[in-house]
Each structure stands twice: as structure tokens, then as C-alpha cells.
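To start, the structure itself, in C-alpha cells.
Bear in mind these aren't lab numbers, they're just calculated from the coordinates by the rules spelled out. Just so we're clear, the structure is a prediction, and the values are computed from it rather than from any experiment. Ideal geometry is used to build each Cβ from the backbone, glycine not excepted, and the neighbour counts take in all protein chains shown.
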Amino acid sequence: MDAQKTLEEIKETVEQIRDEVALKAHLGKAEVAEELEKIEKKWDELKQQLKPYTDDVEKKAGDAGAAVELAAEELKAGFKRIRDIL
């Protein structure tokens, strides 16, 4: 009888841990998806900002340098946050 009770307790503990892990994984996926969506929007904006500069890069690169650097740093930080979550 004690062995059956012990096995039942182990089963309940494993189920509880499994449920907690499944919930955290689900929430983590949602958090990552949300963060990635934000970063993808910024990436699309950066690509649009860079579009006019592709024809005459050397002439216009200086004008865009600071803005591009800032946007790139934001994207880098965002992707690092996602990597750290994973």
C-alpha cells in the first residue's frame, strides 16, 4: 500500500512539474513572438529608411550614419533579448 501511495505522489509531482513547464514554455513563446514582432517592424522601418541611400551610398551615408547606427543598435539589443529568453 505504501509503494502505491509513493508512486501516486511521484506521478502527481511529475504532472505538476510538467504542467508548469508547459505553461512557462507557452508564455515564453508568446513573449518571444511579441518581441520579435516589435523588432521586425523596426527592421522594416530601417530597410525603408535605407532604400533611398542604396543608389548613392557614399554621398548619403554620412547623412544617415547616426540614425542607422541607432536603429541598428536597437535591433541588435532586441534580438539579444530574444536570444536570452530562448
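Inter-label distance, LYS51 to ASP19: 5.1 nm, where each label sits 7 Å from its Cα along the C-beta direction.
Based on the alpha-carbon gyration tensor of region 1-44 and its eigenvalue square roots a ≥ b ≥ c, which shape applies: rounded if a/c is under 1.5, prolate if not and a/b is larger than b/c, or oblate? Prolate, because a/c is 1.5 or more and a/b exceeds b/c.
Counting Lys +1, Arg +1, Asp -1, Glu -1, what net charge surrounds GLU37 among other residues with beta carbon under 12 Å of its beta carbon?
Counting the neighbours of GLU37, the net charge comes to -2.
Positive contributions from Lys and Arg (+1) and negative ones from Asp and Glu (-1), summed over other residues with Cβ under 12 Å from the Cβ of LYS76, come out at +1.
Considering only the other residues whose Cβ falls under 15 Å of the Cβ of GLN16, what net charge follows from Lys and Arg at +1 and Asp and Glu at -1?
-3
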